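Data first, discussion second: the structure below is written as structure tokens.
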Amino acid sequence: MKEGLDTPKVSVIIPAYNSRSTLGGCLASIFNSSYSNFEVIVVDDGSTDGCGDICKKFPCKVIKTGQRSGPGKARNTGAAISKGAILLFVDSDCVVGNDWIERMVESLSDDSVAAVGGGYSFVAGPGKKMIERFAFLELKFRRRAMPKFIESLTSCNFACRKGAFLDAKGFPAGLKYPSSEDLEFSHNLSKKYKLLWDKDNGVGHYFRSTISGYLRQQFNFARPLVSLYLRKPTLIAAKTHHKKNGFISIFFIIFFLTGLMLSFFQPQWILLSLASMFITPLTELKFLIFLAKSQGLKFALNSIPVLYLRDAVWGYAALNGLGSLFYEILFCKRSARDEGIINGTTL
């Protein structure tokens, strides 16, 4: 793309929370861009590690929220002061290619497209630990056959016309941890606008390097989905970036946990748990074959315990989220998430 007088201004918005170890790499990659007409807005969302100091090395705007408000509200805060006609979102633990902005702008040159996004293309940093490679390959496999036009996009690699963003009233703002706010916002957007998936314009990501960090992240991702899918059941059949057979995994892991609990009263229920343990890997058979072909049989076999742990966390998160939702309904308490959706948007 050749830049000219009519080249649109782009606002790159980065929510940051305690990301001192990755924010510098993220900003360096952005300012190495082949596209010049852009601004960078970093929203320091109550960080305690001094990550905002990293921004002093780069010509970017910094907004400090004072206390942690969550990535949805942080993105809305950045969008509220943006000057660009195009809003471009990336996470503080990502790095981008030098043509990343340029390709996003090119995609939005089609007037029928209101938003464009993509996934992850590589593991940023050393990326040598098994869990980092597993997390990347799981997402790569999940998104290997995404349609060109889709009904949701991930906020780590996402561009949107500002007019469409304002029309959709921004991201849900009630979640403190990164989770399903991008799924909900972009699905709402897709009801009125066309969303494009660019499989070739991925970003690098610093994946969790410990199994405990990965499982905590999976819990935070999965827990709010119960409320979201119950409020918006059309999402189950929608063409989103989420994993459909994840529902199957959660179903069998809940069977496993239920059988385990009931076996304390009726020992025969342990058979239900054992059956679920054998069925769970079968739901991931294609993924395991993919790992064996691309990484070797040893890596695939080592991934099976990780799948069990991840699915157990998904199941526990689903039950936890469901329990919290019933508690809110029974005691007439509005959830923090709903409060954020109604009152939390700063636009």
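Residues checked against (1) at pLDDT 95 or above; (2) under 23 Å from Pro224 (Cα atoms):
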{"position": "Leu5", "(1), (2)": "no, no"}
{"position": "Val12", "(1), (2)": "yes, no"}
{"position": "Ser69", "(1), (2)": "no, yes"}
{"position": "Val90", "(1), (2)": "yes, yes"}
{"position": "Asn98", "(1), (2)": "yes, no"}
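Taking the conditions (1) under 15 Å from Leu225 (Cα atoms); (2) modelled with pLDDT under 80; (3) open to solvent by less than 40 Å² (accessible area, probe 1.4 Å) in turn, Ala317 satisfies each one other than (2). Taking the residues in the range 137-159 that are of a type in the set (D, E, K, R) and either open to solvent by less than 40 Å² (accessible area, probe 1.4 Å) or out of contact with any strand residue (DSSP E or B) (no Cβ under 9 Å at 6 or more places or on another chain) (or both) as candidates, determine which candidate is farthest from Ser107 (Cα to Cα). That would be Glu138.
Taking the range 223-295 and the helices (runs of 4 or more DSSP H) fully enclosed by it, the elements with 2 or more residues that are open to solvent by less than 20 Å² (accessible area, probe 1.4 Å), at pLDDT below 80 and under 30 Å from Arg133 (Cβ atoms) are at 246-262, 270-283.
Scanning for something at pLDDT 85 or above and in a loop (DSSP other than H, G, I, E, B), does the range 173-185 turn up at least one residue? It would help to see each step written out before you state the result.
Just the residues of the range 173-185 that are at pLDDT 85 or above, to begin with: 181-185.
Pick out the ones that are also in a loop (DSSP other than H, G, I, E, B) and you get none.
Among the residues of the range 173-185, not one is at pLDDT 85 or above and in a loop (DSSP other than H, G, I, E, B), which makes the answer no.
If you go through the range 88-122 and keep only what is in contact with a Pro (Cβ under 9 Å, 6 or more places away or on another chain) and of a type in the set (A, V, I, L, M), you end up with Val105, Leu108. Assessment of the range 339-347 against the conditions (open to solvent by 60 Å² or more (accessible area, probe 1.4 Å) and modelled with pLDDT of 80 or more) yields no matching residue. Contact annotation: residue pairs with Cβ atoms under 9 Å, 6 or more positions apart or on different chains, pairing a residue in the range 137-164 that is within 21 Å of Glu102 (Cβ to Cβ) and in a loop (DSSP other than H, G, I, E, B) with a partner that is open to solvent by 40 Å² or more (accessible area, probe 1.4 Å) and among the charged types (D, E, K, R), are Lys148/Lys199.
Scanning the range 102-120 for residues that are surrounded by fewer than 20 Cβ atoms within 10 Å (Cβ to Cβ) and assigned to a strand (DSSP E or B) returns a single hit, Val113.
One line per residue, one yes/no per condition, for (1) under 17 Å from Asp91 (Cα atoms); (2) crowded, with 23+ Cβ neighbours inside 10 Å; (3) not basic (Lys, Arg):
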| residue | (1), (2), (3) |
| --- | --- |
| Phe165 | no, yes, yes |
| Ala173 | yes, yes, yes |
| Leu183 | yes, yes, yes |
| Asn188 | no, no, yes |
| Lys194 | no, no, no |
| Tyr206 | yes, no, yes |
| Ile211 | no, no, yes |
| Leu215 | no, no, yes |
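Is it the case that the range 25-47 has a residue that's acidic (Asp, Glu), open to solvent by less than 50 Å² (accessible area, probe 1.4 Å) and more than 19 Å from the chain's Cα centre (by Cα)? Yes, the conditions are met somewhere in the range 25-47. Which residues, taken from the range 70-101, are small (Gly, Ala, Ser), farther than 30 Å from Pro126 by Cα and open to solvent by less than 30 Å² (accessible area, probe 1.4 Å)? Of everything in the range 70-101, those that are small (Gly, Ala, Ser), farther than 30 Å from Pro126 by Cα and open to solvent by less than 30 Å² (accessible area, probe 1.4 Å) turn out to be Gly78, Ala79, Ser82, Gly84.
Return a yes/no flag: does the range 44-53 have any residue that is closer than 28 Å to Ala168 by Cβ and touching a residue at least 60 places away in the same chain (Cβ under 8 Å). No, the conditions are met nowhere in the range 44-53.
In the set (1) in contact with an Asp or Glu (Cβ under 7 Å, 6 or more places away or on another chain); (2) assigned to a helix (DSSP H, G or I); (3) open to solvent by 10 Å² or more (accessible area, probe 1.4 Å); (4) not acidic (Asp, Glu), the condition left unmet by Asn18 is number (2).
The values are calculated or read from the model by the stated rules, or taken from the named source; none is laboratory data. Everything numeric here is computed off the predicted structure, so don't read it as measured data. Because the Cβ atoms are built from the backbone with ideal geometry, glycine has one as well, and the counts that use them run over all protein chains shown. Keep in mind that these areas ignore ligands, DNA and RNA; they rest on the heavy atoms of the full protein, side chains included. Shrake-Rupley method; radii C 1.70, N 1.55, O 1.52, S 1.80 Å.
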